Structures are given as C-alpha cells and as structure tokens.
Amino acid sequence: MSEIHGEILIKGGFVIDPSQKIDGDVADIAIKDGKIVEKVSNAAKVIDAKGKVVMAGGVDVHSHVAGPKVNVGRLFRPEDKLFRSGVAHAPTRMEMGFSVPSTLKTGYDYARMGYGFVMEAAMPPIHSPHVHEEIHDTPIIDEGALPVFGNNWFVMEYLKKGEVENTAAYIAWLLRVTKGFGVKVVNPGGTAAWAWGMNCLGIEDHVPYFEITPHEIISGLMAANEYLGLPHSVHIHQNNLGNPGNYPTTLASLKLAEGVKAKNKFGREQVMHSTHLQFHSYGGDSWATFCSKAKEVMDYVNRQKNITVDLGCVTLDETTTMTADGPFEHHLHALNHLKWANVDVELETAAGIVPYIYDKNVVPNGVQWATGLELALYAKDPMRTFITTDHPNAGPFTRYPRVIKWLMSQKSREAVLASMKKADKVIDLTNIHTIDRELTLYEIAAMTRAGPAKCLGLGSYYGSLTPGHIADVAVFDLNYKNMPSDPEKIESAFQRAAAFVKSGEIVVRDGEVLSHGHKKTVWVNPKMKENPQVKRDVTESFTKGYYTVGITNYPVREYLAPHPFVIDVDVEA
Amino acid sequence: MATVTLTPIKTPELMLEANSITPDACAGKTAEQIARLECREGKTHVTIGEFFTVSGNAGATAAETDIVIAGDCSRVKYIGSKMTAGTVTVNGNADMYVGGWMKGGKIHVTGNVDSFCGIAMEGGEILVDGKAGNHVGCAYRGDWRGMRGGTIRIRGSAGNDIGTFMLGGTIIIEKDAFIHVSTHAEGGTVIIKGNVEGRVGGQMVKGTIYVFGDIRFMMPGFKKVDRVELDVDGTKAAFDHYIGDLGERHPRSKGKEVFADLYVKAA
C-alpha cells in the first residue's frame, strides 16, 4: 500500500475521529507515503483546514456499484442518463447517469463526498469476473465485494444436514476463487423458492426442494462465518423486504444472533449485520395502514449488542431498484407497472431490476422516508448504525449528504414533511414529527467512518486517523464551533469535500476531482485445510454439467483485480 | 414580433447539435449575440455563426421571437427542442429531434424531418409538410413517459414507432405509416390517414388510434366491438371500433375496465 510517496500536512482543522474519541480538537494530520503518521517534515504539502472539519475517509458498508445487475440497470435505463451526461473536463472523463451512474462517475462522486472505501453489496459468484472488472474500472475508491450465499445450492445442501464445517469450507473456497470479501445473504431461501414461483416471507417458511428454512440458513451461515473468523460478519438482507407488517419477521431474524459470539482477529464485535433496515421496519396490514415500526425495531437493536445495522434511507428520488431478491422485484413491478428485468444465476442466486419513483406526495413513500431517518434518530450506538441508501434501491449514494442534513437538522426534516401533500397522514403513521434529536458531527463520523470500518473488520486500515492507517482524509467546509443555521450548507459541504486525500494522494480540492488515484480491490483469503468432501462436491458440480462453465474458467484471474489488497485469515478450527 | 433569419452557409461535417436554435435561447439577443450561441459538432464546441449568417434581432421574450431558417438543415439536429413559445420555420429539411421535449410555440418544417420529431413533447404544435422518419412523438428510449401534449401533423408518411408510450396530445400522419403505432400508450390520439403495415396498439393500455386505410397485419390482442359514425380531423365516415390490447393490464373506472380504442375506417 505504499506506492504513493510524499508528505502532506492537513493543518489546523477541527478533527473528528470517533475511533480515537476525538471530537472537534484542533489538530494537524500528518501523512507520509500513503499512511497517516505522527509527524512530517517541513517539506510536506500543506492543506489549510483552519475553520473546517477533518474526518477519516468515508466507508460505505453497503452499495450496489458494480456487477451484472448494476450493468443491466445501466443498459435498460438510458433515460437515467438523459440530460445528465455533461461534457468531460480534464483530468476527469465523461460521467453519466444518476441512479445507476457509470463506473467513472461512481468513483468521482464518492471521492467528491470524501469516501475512500465502498463495499459492493451483492456479487453473484459466477459473475465475479465481471464484478471485478467493473470495480477495477471505478477510479479512486477502494472496494470489496460480498458474494451472495443465502440461496446457494451447496450451502442449502450442507446446512440442511447441519454441516457447518463443510459450509465453512465451501465459503472459504468461494471467497478465494471470487476474490470476495464476506458472506452476503439476500432473502434467504426466498430467491431459491422463486425458481418455483414461490417466496419465503417468514423465517420458518419452507424452501421447496431443499427442505430447509430461512432460519436454518441464517443460523448456519452465522456459525460458518464465525468458524472461519472472517473480518466481516454475515451481512443479511432479510426475508419479506418492503411489505406492510414485515417487522415481526425482521425481529425474528435479528433474534437469531442472540447467544452467538463473534470470533475473529479483526476487532469486529457483531455476528450479524442487518442491511437496509428501513425496508424491514414496517407495520400495518395493507398499503392504507402501512406505518413505521422503526422504534420497535431499533429498541431491539439498541439492546442486542452483537448486531450492526445500516439504514437504507429513502431519499425521495426517481431511482432504480436492484436486488438479488428476485421475487420482490416482480412484486414491485406488479405494483408500479414499470419495466422489469429478471436474471436467474445458475446454482447460486437471481436478481431483479425495476425503476421506482419515491414520490413525497404518496403516503407510503413518505412513511418510508420517515422510517429510515427514525432508525438513525432512535439509535443509541452510532458505532453500530450506518448511513446508507442501499444505493440505488432507496436512493442514489450521492444523496448521503442530504440524509446527513436531515439527521442533523430537525428544521430540514420538518420542511420536507411540510412539503408533502398528505403530511398529516405521514405524521400519523410515523414518529418523525415527534423527534427533536439532531445528530452531531461526531455521531455522523461514527455512522459513516469508524463504525462501518469496524463492522467490516477493517478498523485497523480505514475509518480512523490513527497513525498507521491508510491515509484517507476528508476536509469539509463546516465550522465545528459555528455550524451554519442554514441546513442546506451542511448538505453542500458533505457533497463537495473541500479536500480529500485518498491513500496519501490529494484527489479532490474544492469538490473537483484532480486525479484517478490508486485504487485497491480488497478481498479476503481464508486459509483452511482442504476439505475433501467439499472439493469433490464442487468439482462434481462442474464435471456433471450443473454449471455452464468449466471449473478452470470459474475463478477470477489475477489480471481482473490487478491492484489487490488481500486480507489473509488463518482458520484455526 | 421580431424575426431572426438564419441562412445556412456551411454543411456540418458531422451533425450539428443545435439545441440553441430555439426562441428561448435567442430571446432578448441581437443577431450578433445569436451568432455566438454555442452548439456542438461531435465533441467540439461551435457557434451558430459558423454555420449560418444571422440577420435580425430576437424579440424580448421567446413568445415575441420568430426564427426562420432559410435553407436546408438536413444535418442540423434538435431544432426547436425544449422550446416554450414563439415560432421556428425551416424552409427545407431538418434532421433528428425537431421539437423534442417541446413545451409550447409552433414549428413548421416545409421539407422532411428525420427521426424523433416531437419526442417526449409536452405542448405546442409541429407541422411538417414532407415526410417524417421513425419515432414521431415517441418516448425517449427506455423512458415510460412519452408525449404528454401538443399536436404533431406530418403531411407525408412516417416510419415506425409512432407515439410509443404516449400519454396525451395528438399525432396526425396524413399518408402511410410503417409498424408500431402507440405501443405501450396510456393516452393520446394517433390518426393515420393512409395504410399501416402492422403492430398497431401493441401493449396499449389507454388512448385512441384512427386508421383511414388498411392495417395489413392486425394485432391479435384487439377485438372488434361495433361500428360507429365519426368525424375525425374533418372527415365524416363509418369506422369499425376495436378495443385492446387485451393482453395488457387495464385500469378500472366506475367498475368497468378501460381499454384502448382503435377505429379503422370501414371498407
């Protein structure tokens, strides 16, 4: 990680770093050869941060930015680019799209917002070469990708017989060959059931053919994940996403973490990361009674310390939904009648894509907007609650600054509520109007930097300004001692960082991208003794023709991830 | 009213993307200022003055501005696109996207227009004395929000994909059309005075189509329900009334399913 040479001094800013419990102290941040260091020489390049806020680079725990379904989204939504593809100005290249931006725009926009690491949240294993090619094509930001396991035929076969060790061996093999980061679970069992035109809406539902339940899949994968001691925990998109009255299913799956202990050498404390919780925190029994249950869900999360969550905030934009939850996308298409794409991925997973307009004048959309924000505002531990929009499902990632504005300013939330045609109804069905909490910059830094880095097991590399860490440092034009009374200024400050240093290189000044940076692909290499049964099962699936490709064509070749940052895990069991 | 006259002096090597040939872009400007308005030719920035001599100043507002192009614009795209008021007259042919995303005012092309004439139009009038290419009054590709309002009248024939995803407004093709008329439409009216090859009203939810000539291949999703006397664009005649597309979803109103209507002039 040290091919970047040179010294930088970020001088005199208000430093906010929850990983060191630093809240607004005026200090200098020294950078040398890509790392944060104690001090630098007089020859260091100086960035004047006086009167500005200095934070570690942002870490996005969950975002759909690369891979086949993102690309299908790009292909089948040319209108997403219409009038939004301006002329390129050197050194940047042409940027396109809004909800499904081009790879270049993705890298640039994250960098403009001061983000240094992004986790691609769903990698279909057989398509991992494509995912890695796209990651490589995305400039500046470091990225990892989570392969999906929740509907994988091998996983279901092993877990039906309770074989945790075989499941772990399969996960270890798959992470190595796909250069994956961790274990993603999407609608466990439900996407497999979708191949029979069915779904799993509760965790005790039955998966056809495989004779297993979502409950068994989640618990089994959690056990296998801790058996391996991976940096990240199981990362779950739960069953019954998006439907009225789904919060009991959410609580039931969260409860599966009770009594499970985190076992790893990466400083991770949780055993389950529950993603885009907003989509799973609804009450009511129809769209007419659809309401927020953010309080009920967050009360549980606050008590249960071995769970982390991210929000999945609805940003009230026209966007593109895309998920490995195939049945959900079909359901959504039936609701909004817009175009629908569906993909079945052999033996592994599926995906669906549908455009969606979150309209603030439609009551359920208003309720969704409020639910996402309520989750953050009820959260007692910002180190376990992370800001996301499940990009692009609830809104594009470029709206993070807007979400931050809403969380930091009651005035801005009330302005949105007041602009809704049916504000009274939304107020009745949610709690947002009664909450006066306004998050602090320290809490925002925990939710966007220190927290997600720790949750991913990357706390010793990212999300912190401690010497030795990768030098991802963002400077925002906000005066810690004198925050603007106009909430719009919070949004604009986070939208365009005053400066962003990525891996020790100045890549953004005044919101303008200066360089394509030196991006890395982060992946996890579990070293485990060979498991003959799993080896035989995997080989057979290729030789017997269950897969359409040969086993030698399956792995991600080195040249597709030419700048790897590999995290080795010695499996001790 | 003030008239700005543009006289072509050079044929663009690539296509000229002349988004600024609109009353809105010209309003309040002198002839000299208009000549300096930016256009694109491929990836290069060019000005109107490099391709036209400009005479006459514009009016104070778009509504007070008439633009006359005295010559052929076969390689000039986006004439009158996004305009809200005023008029544009092209004495000759025009390339693609004439009046695209137009909100108001009038466009008159005395020659032919290429494809995407009146794409995603919201209001105003387009009159073409010659023929039109494909995609008259259609939606932008990929978009489900097509033409919402206004009138397009093509005196000649038109190609395929007329009124795709149409939501409102009227398209009149005075001669023949090829395939795909009002595909996916949820409103609006298309009148074709000549013959149509086929695929008329495929996946159409709501809206109206009148065909004066023959439909060579009828969609299987349309069912004949009755024969009616109608006055369509000044012509009184008997029409066979079909409803459809029966394979598509349809909204309900007052307890009844609402279908798209297709009227074909009775033989």
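The values are calculated or read from the model by the stated rules, or taken from the named source; none is laboratory data. Nothing here was measured: the structure is a model prediction, and the numbers come from that model. Every residue, glycine among them, receives a Cβ derived from its backbone with ideal geometry; neighbour counts consider all protein chains shown.
Counting residues that are closer than 18 Å to B:E186 by Cβ, which strands (runs of 3 or more DSSP E) fully inside segment B:206-267 reach at least 3?
B:206-211, B:235-244, B:260-265
A:E163 fails exactly one of the following numbered conditions: (1) touching a residue at least 60 places away in the same chain (Cβ under 8 Å); (2) out of contact with any strand residue (DSSP E or B) (no Cβ under 7 Å at 6 or more places or on another chain); (3) over 23 Å from A:G550 (Cβ atoms). What is the number of that condition?
Unmet for A:E163, out of (1) touching a residue at least 60 places away in the same chain (Cβ under 8 Å); (2) out of contact with any strand residue (DSSP E or B) (no Cβ under 7 Å at 6 or more places or on another chain); (3) over 23 Å from A:G550 (Cβ atoms): (1).
Restricting attention to segment A:520-573, report how many residues are crowded, with 16+ Cβ neighbours inside 10 Å, of a type in the set (V, I, T) and not in a helix (DSSP H, G or I).
Adding up the residues that qualify gives 6.
Would you tally the residues in segment B:75-130 being within 18 Å of B:R145 (Cα to Cα) and either among the acidic types (D, E) or in contact with a Leu (Cβ under 6 Å, 6 or more places away or on another chain) (or both)?
Result for segment B:75-130: 1.
Just to be sure I understand, how many residues within segment B:145-155 are outside any loop (DSSP other than H, G, I, E, B) and within 14 Å of another protein chain (Cβ to nearest Cβ)?
Summing the residues that are outside any loop (DSSP other than H, G, I, E, B) and within 14 Å of another protein chain (Cβ to nearest Cβ) in segment B:145-155 gives 0.
Is it the case that B:E13 is under 14 Å from B:Y78 (Cβ atoms) and more than 24 Å from the chain's Cα centre (by Cα)?
Taking the combined requirement at face value, the residue does not satisfy it.
Return the residues of segment B:12-46 that are within 14 Å of chain A (Cβ to nearest Cβ) and either surrounded by fewer than 17 Cβ atoms within 10 Å (Cβ to Cβ) or β-branched (V, I, T) (or both); say none if nothing qualifies.
Within segment B:12-46, B:E38, B:G42, B:K43, B:T44, B:H45, B:V46 meet the criteria.
If a residue has to be assigned to a loop (DSSP other than H, G, I, E, B) and not charged (D, E, K, R) to count, how many in segment A:260-300 make the cut?
Of the residues in that region, 16 qualify.
Restricting to strands (runs of 3 or more DSSP E) lying wholly in segment B:1-96: which have 1 or more residues that are among the hydroxyl-bearing types (S, T, Y) and modelled with pLDDT of 95 or more?
Passing ranges, in order: B:2-8, B:44-47, B:52-55, B:65-69, B:87-90.
Restricting to strands (runs of 3 or more DSSP E) lying wholly in segment A:318-362: which have 1 or more residues that are charged (D, E, K, R)?
A:318-323, A:341-345
Go through segment A:353-373 residue by residue and tally those that are closer than 17 Å to A:H391 by Cα and of a type in the set (G, A, S).
Total satisfying the criteria: 1.
Within segment B:80-90, does at least one residue satisfy the condition of being touching a strand residue (DSSP E or B) at 6+ places or on another chain (Cβ under 6 Å), within 14 Å of chain A (Cβ to nearest Cβ) and touching a residue at least 24 places away in the same chain (Cβ under 8 Å)?
No; the residues of segment B:80-90 include none that is touching a strand residue (DSSP E or B) at 6+ places or on another chain (Cβ under 6 Å), within 14 Å of chain A (Cβ to nearest Cβ) and touching a residue at least 24 places away in the same chain (Cβ under 8 Å).
Can you name the helices (runs of 4 or more DSSP H) wholly within segment A:27-144 that have at least 1 residues being within 14 Å of another protein chain (Cβ to nearest Cβ), closer than 22 Å to A:P452 by Cα and of a type in the set (F, W, Y)?
In segment A:27-144, no matching helices (runs of 4 or more DSSP H) lie anywhere.
Select from segment A:402-415 the residues that are buried (at least 21 other Cβ atoms within 10 Å of the Cβ) and either in contact with a Gly (Cβ under 7 Å, 6 or more places away or on another chain) or assigned to a helix (DSSP H, G or I) (or both) and list them in ascending order.
A:R402, A:V403, A:I404, A:K405, A:W406, A:L407, A:M408, A:R413
Return yes when B:D176 is without any contact (Cβ under 8 Å) to a residue 24 or more places away in the chain and either out of contact with any Lys or Arg (no Cβ under 6 Å at 6 or more places or on another chain) or buried (at least 19 other Cβ atoms within 10 Å of the Cβ) (or both) and no when it is not.
So B:D176 fails the test.
I need the full set of residues from segment B:96-113 which are away from chain A (no Cβ under 14 Å) and surrounded by 23 or more Cβ atoms within 10 Å (Cβ to Cβ), in order please.
B:V98, B:G99, B:M102, B:G105, B:I107, B:V109, B:V113, listed by residue number.
Would you point out which residue out of A:S41, A:S19, A:S99 is out of contact with any Ser or Thr (no Cβ under 6 Å at 6 or more places or on another chain), polar (S, T, N, Q) and modelled with pLDDT of 95 or more?
Criteria check complete, one pass: A:S41.
Residues checked against (1) surrounded by 24 or more Cβ atoms within 10 Å (Cβ to Cβ); (2) under 17 Å from the mean Cα position of the chain (by Cα); (3) at pLDDT 95 or above; (4) among the charged types (D, E, K, R):
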| site | (1), (2), (3), (4) |
| --- | --- |
| A:Q238 | yes, yes, yes, no |
| A:M272 | yes, yes, yes, no |
| A:L277 | yes, yes, yes, no |
| A:F290 | no, no, yes, no |
| A:D310 | yes, yes, yes, yes |
| A:L316 | no, no, yes, no |
| A:L347 | no, no, no, no |
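Is it the case that A:T371 is more than 14 Å from chain B (Cβ to nearest Cβ) and within 16 Å of the chain's Cα centre (by Cα)?
no
Name the residue that is farthest from the chain's Cα centre (by Cα), counting only residues in segment A:418-456 that are closer than 12 Å to A:L373 by Cα and among the aliphatic types (A, V, I, L, M).
By that ranking, first place goes to A:I435.
Here are A:G463, A:G457: which of them is in contact with a helix residue (DSSP H, G or I) (Cβ under 6 Å, 6 or more places away or on another chain), of a type outside the set (V, I, T), buried (at least 20 other Cβ atoms within 10 Å of the Cβ) and modelled with pLDDT of 95 or more?
A:G463
I need every pair where a residue in segment A:333-351 that is within 14 Å of chain B (Cβ to nearest Cβ) has its Cβ under 6 Å from the Cβ of a residue that is of a type outside the set (A, V, I, L, M) and part of a helix (DSSP H, G or I), sequence separation at least 6 or different chains.
A:W340/A:H333; A:A341/A:F76
State which residue is farthest from the other protein chains (Cβ to nearest Cβ) when the search covers only segment A:288-332 and only residues that are within 18 Å of A:P244 (Cα to Cα) and aliphatic (A, V, I, L, M).
Ranking the candidates gives A:M298 first.
If you go through segment A:436-450 one residue at a time, do you hit one that is closer than 20 Å to A:M483 by Cβ, in contact with a Lys or Arg (Cβ under 7 Å, 6 or more places away or on another chain) and of a type outside the set (A, V, I, L, M, F, W, C)?
no
Just a yes or no: is a residue in segment B:132-144 among the hydroxyl-bearing types (S, T, Y), surrounded by fewer than 24 Cβ atoms within 10 Å (Cβ to Cβ) and within 14 Å of chain A (Cβ to nearest Cβ)?
yes
Any idea how many residues of segment A:352-368 are more than 23 Å from the chain's Cα centre (by Cα) and either closer than 27 Å to A:G150 by Cα or within 14 Å of another protein chain (Cβ to nearest Cβ) (or both)?
So the answer is 1.
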